[in-house]
Structure formats: C-alpha cells, structure tokens
Amino acid sequence: MEENHPESPKRLKSLETLFSQSPYKELIETVECPLDETLLRYGHTQNYLSMLEEFSPDPDDNELVRLDDDTSMNGYSLNAAKLGVASACQAIDTLLKTDTQHIFQASRPPGHHAEPHRSMGFCLLNTVYLAARHALNTGCKKVAILDFDVHHGNGTEVMMRANPRDNALFISTHEADLWPYTGQMDENGFGNSYNYILPKASGSQEMRALYTDKIFPQIDAFNPELVILSAGFDAYKADPLATLQWEVDDYAWLGESLAPYKTFSNLEGGYQVDDLKSCVDAYLKSLFQL
Ligand SMILES: [Zn+2]
C-alpha cells in the first residue's frame, strides 16, 4: 500500500515486538508451508487469479499496482497473500490432526473482503474461506467462520452463498452503516450466512449481550469441529476507521469465550498500531489461557 496507508507493515512490526517476548516467544514454531494453488480456485475465479499473476510487479521494480480504490499490490503482496493461505492450511492440518487447541496467524494483507472475482478493501485472497474449504476437504465434518472485524466480511459471505453447504456456517458482526455497506440482516440464512449489526458507538455491553444471547448459542447449536475467526481488531475505541468503542477487555472476553472451541484466528483489520498490540495480547492471553 502507499505510505501512510492504514494497512501498513507497521501493524505486523508491532505484533512482532509482542511475539518476541514471553509468553509468546516460547510458543512460536517455524514451519514450512507449501501451497497447493488449486485450493485458491475453491474461492476465486481463474480469471481473477490470472489477473493477479499478470499484474503483480517484479519485486525489484519497487512498483505499486492499484487494483481498486482501496487496494494496491507491490512485488511482494501476492506472495504474502499466498503464504497467508498456505500457513492457514498448515494451521488447519495441525488443529485437525493433533490436540493443539488454538492457532493465531498474524498475516498481511487481510482477506475477508476479497470476493471470487475481485480484490477489495486491502484484501487479495480470502484466507478464512479458503482455510474453511481446506478443512472440509481434509475431513473436518463441520466448520464455522466467525468474523468479529468491525467491517462486514462481504467476500466470505459471497463465497459462502456461491457454494451453499450445510457443513459450513458463517457469522459476521459489524458496525451499522459502515463500509462496505453490505451485510444486512434480511437475507440471514441464505448460504448458511448470518449478519448481526451493532449500532454506531454501541460499546462493550451491547457487543457482549449480542454474543452471549445470539452468536455463541448459534455456534453451539451448529456444533462445529473447528471455529475459524476473521479476527479484526478495528472495533477498538481508538481505531481510525470505525466507532464501535470496544475496549481491550472486550477482546479478552472474546478470547475467553472462544477458549472452549478449537480455533484458528486469522488477523484481519486493526489500524491503531499500538492498540492493535494491546488488543491482540488481551485476546491471546485469554484464548490460550496464558
Ligand atoms: Zn475491518
């Protein structure tokens, strides 16, 4: 992205600082993550994937190619997005084949706005949807995707609705009247996708009530083997892109509430760099019970 763009490398540098310290540094494992690129076609069209390859600049050229109003890629972006999908699949394999209970992935670019045929909202490849399909392809009986980023996970929803299936559930909670202005509640259930809208500036209490009364009971009723999180931290009160006014404690509460499930969390938004670190720290300490 351009300099001073909110989706900047500073976001991951901030998390790298966090993960270089205890208790995280002891938990980090370095693994090889080969990508079977046929998986990308479970979510994206071949035309779109070919276009990305064609327009991806040479890393040596220091060039930025604009894909849409909000999304650009340099010579490293496409490979980074593919690596994000590859390591998500590796994480899914580990979760399904071992007694590992939780994995968090801090990757850029984010993915949940990427649709089958186009980039959108800083996103190139829809990591969570592709990870869910990989889970189902490799023996997982039921998978739920929960998107708590402040923006609607429009790309994930479009993919879910294009491939309706009973063994996948998608739930997105997001701020009312916020970009991308999709995710209304009137089509809930179509493609096993559900939207829940939180009013602007609604804060902690309203979020916790929604999750306690609706979201977690719905996930429990579905009874998934695995929960994949579109873990965006831009509902935080100081985030420059939204107004939901969540506190650091709310992310701790979410982590604690998700701890009983087997989970894979993929970083999506969260654009206030220092606070992103605090929110992720609170979420992970509760989720991993550190
Ligand atoms: Zn977001």
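General remarks:
- Distances between placed amide hydrogens fall under 5 Å for LEU198 paired with HIS174, GLU175, ALA176, all partners being 5 or more residues away or on another chain.
- Extension gain for the segment ASN167 to LYS141, taken as residue separation times 0.36 nm less the Cα-Cα distance, is 8.7 nm to one decimal.
- Springs between Cα atoms under 10 Å define the GNM used for the chain, and in it the highest mean-square fluctuation of ARG118, ARG41, ARG11 occurs at ARG41.
- Put a dot 7 Å past the Cα of SER8, heading toward its Cβ, do the same for GLN289, and the two dots end up 3.9 nm apart.
- The orientation-averaged projected area of the convex hull spanned by the Cα atoms of the stretch 174-290 comes to 7.2 nm².
- Cα-based Rg of the stretch 41-105 normalised by 2.2 N^0.38 Å, two decimals: 1.42
- ASP249/THR100 FRET efficiency (R0 22 Å; Cβ-Cβ; nearest 0.05): 0.25
- Applying both filters, DSSP loop and at most 13 other Cβ atoms within 10 Å, to the trypsin sites (Lys or Arg not before Pro) of the stretch 253-290 eliminates every site.
- Here the Gaussian network model covers the chain, with springs between Cα atoms less than 10 Å apart; of PHE264, PHE104, PHE55, PHE55 fluctuates the most.
- Cα-Cα separations in the chain greater than 34 Å, expressed as whole percent: 12
- Counting lysine pairs in the chain that sit 8 or more residues apart in sequence, or on different chains, and whose Cα atoms lie under 16 Å apart gives 14.
- D (Stokes-Einstein, µm²/s), Kirkwood Cα radius, the stretch 8-73, 1.002 mPa s at 20 °C: 139
- Loop sites by DSSP among the GluC sites (Glu not before Pro) of the chain, restricted to those with at most 12 other Cβ atoms within 10 angstrom, leave 33-290 as the longest stretch without any of them.
- Rounded to the nearest 500, the 222 nm mean residue ellipticity of the chain from helices alone is -10500 deg cm²/dmol, with -39,500 (n - 2.57) taken per DSSP H run of at least 4 residues.
- Shape category assigned to the stretch 94-237 from the gyration tensor of Cα positions, a/c cut at 1.5: rounded
- Distance between modelled label sites at LYS214 and GLN46, nm, 7 Å Cα→Cβ extension: 4.1
- For the chain, the fraction of 1.4 Å probe accessible surface lying on carbon and sulfur atoms is 48 percent.
- Axial C-alpha extent at least 27 Å, average Kyte-Doolittle at least 0.0 - helices from the chain (DSSP): 77-97
- For the stretch 155-207, applying the loop criterion from DSSP together with a ceiling of 14 other beta carbons within 10 Å to the chymotrypsin sites (Phe, Trp or Tyr not before Pro) yields TYR181.
The values are calculated or read from the model by the stated rules, or taken from the named source; none is laboratory data. The structure displayed is predicted, hence computed values, not measured ones. All Cβ positions, even for glycine, are placed from backbone atoms using ideal geometry, and neighbour counts span all protein chains on display. Side chains included, ligands, DNA and RNA excluded: accessible areas come from the protein's heavy atoms. Shrake-Rupley method; radii C 1.70, N 1.55, O 1.52, S 1.80 Å.
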